[in-house]
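As structure tokens, the structure follows; a few thoughts come after it.
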Amino acid sequence: TCKTWLAVSRFEHMPISMQETSLHDDGLRIEAITANVPALVFQLQLCTDGSLKSLFTSKAVKAVCSEPDPISDIPWLPCISNLHPEDHESFFAAMRLSAQKHTHWSWEGRVIVPPGDVKWINLRAVPRTLADGSTIWDGIILNITLSKQREDESQHARELLEKLSGHVQSAREDERTKIAREIHDELGGILSTLKMDMGWLTKRMNDPVLLELTQAMSHLTMAALHTARSVAAD
């Protein structure tokens with residue numbers, strides 16, 4: 001745009017000392033802004049020879065990844081210098097895919113920080129390709145260790161609830177089996193004995209009224225026995 005062209009034109013026509021001062025002020029402003037961002041802001045370059053070079057790292061290294069503040073001449077990016085061995089391959093695979101496809105670099109994994117603690121980080125970056133073929137990413141890294149711990153705790157809680165639910169169901173089944181056995185064995189045995197006793201009495205009754213009553217009692221006992229067996233089966 002016209003405004004951009006004018007700004008660039010003014011910068012190019014500044015004396016060298018003024019250009020250096022302007023760049024220094026811009027750098028201070030960027031550092032001041034990124035220092036208040038609750039994430040590690042970075043700029044990483046993948047050179048044509050395959051090497052990685054850290055162009056910028058904000059001051060949030062210690063807060064995000066428990067590492068010392070970056071030093072300008074260190075050619076690596078803090079937080080990814082000590083990748084967990086199991087996540088090393090996925091990190092570089094995601095990086096290469098982003099460089100080849102010119103798509104956002106999205107990755108989540110573990111890093112090992114002194115004195116051997118494991119941290120979870122979430123990386124998001126946007127690539128751009130330079131004229132020499134190298135790729136530069138502008139991105140952020142978040143420490144998601146706490147959310148991962150909560151996720152693990154939630155998963156553990158769900159597993160415990162599932163085990164508890166299974167235990168309760170098993171206890172119910174055991175209780176039902178116990179009650180069914182008691183109905184079948186205890187109550188069924190008593191009713192069977194009563195039925196046999198009523199049969200013995202029926203054969204020895206001479207009084208028609210008592211005989212009729214005894215036969216009715218025998219029928220009721222038989223019905224109660226069938227009901228007990230049905231309840232036990234259910």
Handout entry: Efficiency of FRET between F92 and R150 - r from beta-carbon atoms, R0 35 angstrom, step 0.05
Key = 0.80
Practice task
Multiply the residue gap between V113 and Q43 by 0.36 nm, knock off their C-alpha separation, and tell me the result in nm, one decimal place.
Solution key: 23.1 nm
Practice task
Could you tell me what percent of the accessible area of segment 121-234 is made up of carbon and sulfur, with a 1.4 Å probe and every protein chain present?
Solution key: 58 percent
Problem - Accessible area per residue, Å², segment 171-227 with all protein chains present, probe 1.4 Å - result: 78 Å²
Exercise for the section: Note the full-extension length gain between A157 and N206 as 0.36 nm times their separation in residues minus their Cα-Cα distance, in nm to one decimal. Expected result: 10.3 nm
Fill in the blank from the handout: For E182 and L55, extending 7 Å from Cα along the Cα-Cβ vector and measuring point to point gives, in nm, a value of 7.9 nm
Exercise for the section: Given the peptides 197-207, 132-142, arrange them by the average over their residues of other C-beta atoms within 10 Å, most packed first. Expected result: 132-142, 197-207
Exercise for the section: Would you mind computing, in nm to one decimal, how far apart the modelled labels at Q215 and I190 are, each placed 7 Å from Cα along Cα→Cβ? Expected result: 2.8 nm
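The values are calculated or read from the model by the stated rules, or taken from the named source; none is laboratory data. For clarity, every value in this text was computed on a predicted model and none was experimentally measured. Positions of Cβ are generated from backbone atoms using ideal geometry, with glycine treated the same way; all protein chains shown enter the neighbour counts. These area figures cover heavy atoms from the full protein model, side chains too; ligands, DNA and RNA do not enter into them. Shrake-Rupley method; radii C 1.70, N 1.55, O 1.52, S 1.80 Å.
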